[in-house]
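Asker: First the structure, then my questions, so here it is.
The values are calculated or read from the model by the stated rules, or taken from the named source; none is laboratory data. Note that the structure is a prediction, hence the values are computed from the model and not measured. Cβ placement follows ideal geometry from the backbone for every residue including glycine, while neighbour counts extend to all protein chains displayed.
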Amino acid sequence: MRKIIFLILAFTFTLSLQAQLPTSNLFVFDLKRDFEKDSTYLANPQFLSDYNRSGYNNHPHFLNEEELIVSASTPGQVQPDLYTLNLKSKERTRVTDTEPGEYSPRRMPDYFNFSAVRMEYLPNDTLIRLWQFPLDRSSNGRPVFADKFNIGYYAWLNSRDIVLFKVQNPNQLVKTDIYSGQEEVIAQNVGRSFQPGSRGTLIYMQINPDGSTELIQYDSRAYFEDQKRKKLISGLPGSQDFAVLQDGSLIAASNSQVYLYRPGSDETWKMIADLSAYNIKGISRIAISPSETKITLVAQ
């Protein structure tokens, strides 16, 4: 595997980034939380994708405290490959180099494998399936489900249960047993971001007929069907992405602003950072490190 030194730039100047689709870039900040002062803020911004600032850099996920895995492609490249970015050594390592494209990499609960959505090209069809790969790169991987297709996004609940976003009309959010393949439909017409919550719950974004959104907590253990779903808060305008912290707090963004919401404590979203001074805008996907001391943002 080829290792490439990538440049991490401190924000000592205002970045000039072009918002040309599908251009997207990666930024990492320290996530600071002072519980005594009831304060949460971002510090020490760094630009991670200077090696490919005119390309596609997306779907970040922390494999550990120092290593991100991302989906990236250079301008003109048809489909992205997976790379790891080491925040300590400042190295970039190519993980996949295939004709199919790989998206949404995630470390699996067994800690020995990672998964990704792969777009596979056949003579007369295109398959979108979920694959798994060994972290030690000892094999080329295999599909998690050989016969489940059109999987746009996913989230691991535990080593047995996974939630799949099925791309269809309407789209469906489906809890699936990876051994038996048994499915339970959770919701329809949902956003692309959904995350495990506390005590086995799932938090997802419901898209209403009028275009408004709501963050819903789903608990499959509730006895009555009408008790399984609980609205937490309305979504931020123009945003489908969020992250969940260990205490149940939610982090989301709208354009250049980053917000925090604590269920049970806050009545509304509270802004914790305005990144417009850095010319960061159109913030989308959010990744939090395992210790919750770093946050990665995808933005224009």
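Asker: If I go through region 193-244 residue by residue, how many of them are hydroxyl-bearing (Ser, Thr, Tyr) and part of a strand (DSSP E or B)?
Answerer: So the count comes out to 5.
Asker: Does at least one position in region 104-116 carry a residue that is modelled with pLDDT of 95 or more, aliphatic (A, V, I, L, M) and touching a Ser or Thr at 6+ places or on another chain (Cβ under 7 Å)?
Answerer: So far as region 104-116 goes, yes, one or more of its residues are modelled with pLDDT of 95 or more, aliphatic (A, V, I, L, M) and touching a Ser or Thr at 6+ places or on another chain (Cβ under 7 Å).
Asker: May I ask you to say which residue of Leu127, Leu63, Leu135, Leu87 is surrounded by fewer than 21 Cβ atoms within 10 Å (Cβ to Cβ), free of Cβ contacts under 8 Å to residues at least 24 places away in the same chain and hydrophobic (A, V, I, L, M, F, W, C)?
Answerer: After applying the criteria, what remains is Leu127.
Asker: Do we have any residue at all in region 92-102 that's at pLDDT 95 or above, within 30 Å of Arg262 (Cα to Cα) and of a type in the set (D, E, K, R)?
Answerer: Looking for residues that are at pLDDT 95 or above, within 30 Å of Arg262 (Cα to Cα) and of a type in the set (D, E, K, R), one finds none in region 92-102, hence no.
Asker: Quick one: in region 20-60, of everything that is assigned to a helix (DSSP H, G or I) and touching a residue at least 40 places away in the same chain (Cβ under 8 Å), which residue is nearest to Phe242 (Cα to Cα)?
Answerer: Out of the qualifying residues, it is Asp50.
The rows are residues; the columns are (1) in contact with a helix residue (DSSP H, G or I) (Cβ under 9 Å, 6 or more places away or on another chain); (2) in a loop (DSSP other than H, G, I, E, B); (3) surrounded by fewer than 18 Cβ atoms within 10 Å (Cβ to Cβ).
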| site | (1), (2), (3) |
| --- | --- |
| Gln246 | yes, yes, yes |
| Ile251 | no, no, no |
| Ser265 | no, yes, yes |
| Ala277 | no, no, yes |
| Ile280 | no, yes, no |
| Ser291 | no, yes, yes |
| Ile295 | no, no, no |
| Val298 | no, no, no |
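Asker: Looking only at residues that are in contact (Cβ under 8 Å) with a residue 24 or more places away in the chain, more than 16 Å from Val185 (Cα to Cα) and polar (S, T, N, Q) in region 198-238, which one is surrounded by the fewest Cβ atoms within 10 Å (Cβ to Cβ)?
Answerer: Ser198
Asker: Taking into account only those residues within region 104-135 that are over 18 Å from Asn64 (Cβ atoms) and acidic (Asp, Glu), which is farthest from the chain's Cα centre (by Cα)?
Answerer: Asp125
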